[in-house]
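A.B. asks: Quick one: structure below, then a few questions.
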Amino acid sequence: QVQLVESGGGLGQPGESLTLSCAASGSISSPYSMGWYRQAPGKQRELVARISSGGTIVYTSSVRGRFTISRDNAKTTVYLQMNSLKLEDTAVYYCNLVITTYNYWGQGTQVTVSS
């Protein structure tokens with residue numbers, strides 16, 4: 001069993017910054033990738049950013065240059081630094097961990113960008 005606990009998020013204004021954290025625990029063995037997805041009201045869940053065990057990073061185009069994903073392998077934690085927030089970044093953000101064919105999800109944390 002793997003558990004993912006997210007923290008951070010909340011309310012921000014356009015142009016501000018927020019940071020999300022996700023700590024994983026349980027039966028975790030390398031290699032594994034971790035990432036962040038988000039789901040806005042009425043929309044499908046989409047990938048925001050992902051980082052592999054080797055450090056390969058993928059960003060969705062709408063956040064590239066504004067968001068930064070990083071991981072601390074010793075703490076089995078992934079972070080998402082969100083800068084220059086936009087109204088369209090408003091969504092529930094989900095942490096994701098993939099080990100071989102197994103997908104694990106966090107409970108989600110709300111990020112609201114509003115002026």
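The values are calculated or read from the model by the stated rules, or taken from the named source; none is laboratory data. Only a predicted model underlies this, so the values are computations on that prediction, with no experimental measurement involved. Neighbour counts run over all protein chains shown; Cβ positions are idealised from the backbone, glycine included. Ligands, DNA and RNA are stripped out before the accessible areas are found, and what is left, the full protein with its side chains, is counted by its heavy atoms. Shrake-Rupley method; radii C 1.70, N 1.55, O 1.52, S 1.80 Å.
A.B. asks: Note down all Cβ pairs under 7 Å where the first residue falls in region 67-96 and is more than 16 Å from GLY54 (Cα to Cα), the second is assigned to a loop (DSSP other than H, G, I, E, B) and among the hydrophobic types (A, V, I, L, M, F, W, C), and they're at least six residues apart or on different chains.
C.D. replies: THR90/ALA40; ALA91/ALA40
Residue by residue, here is whether (1) aromatic (Phe, Trp, Tyr); (2) over 19 Å from SER17 (Cα atoms) holds:
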| residue | (1), (2) |
| --- | --- |
| ARG45 | no, yes |
| SER62 | no, no |
| ILE69 | no, no |
| ASP72 | no, yes |
| TYR79 | yes, no |
| THR90 | no, no |
| CYS95 | no, no |
| ILE99 | no, yes |
| GLY108 | no, no |
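Residue by residue, here is whether (1) small (Gly, Ala, Ser); (2) open to solvent by 50 Å² or more (accessible area, probe 1.4 Å); (3) touching a Ser or Thr at 6+ places or on another chain (Cβ under 8 Å) holds:
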| residue | (1), (2), (3) |
| --- | --- |
| LEU20 | no, no, yes |
| SER29 | yes, yes, no |
| GLY35 | yes, no, no |
| VAL98 | no, no, yes |
| TRP105 | no, yes, no |
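A.B. asks: Moving to a separate point now. Within region 38-60, how many residues turn out to be open to solvent by 50 Å² or more (accessible area, probe 1.4 Å) and either over 15 Å from ARG71 (Cβ atoms) or modelled with pLDDT under 95 (or both)?
C.D. replies: Residues that pass the stated criteria total 9.
A.B. asks: Show the residue pairs meeting these rules: Cβ distance below 9 Å; 6+ apart or different chains; first residue within region 52-64 and at positive phi; second residue surrounded by fewer than 13 Cβ atoms within 10 Å (Cβ to Cβ).
C.D. replies: That search, which allows pairs on different chains as well, returns nothing.
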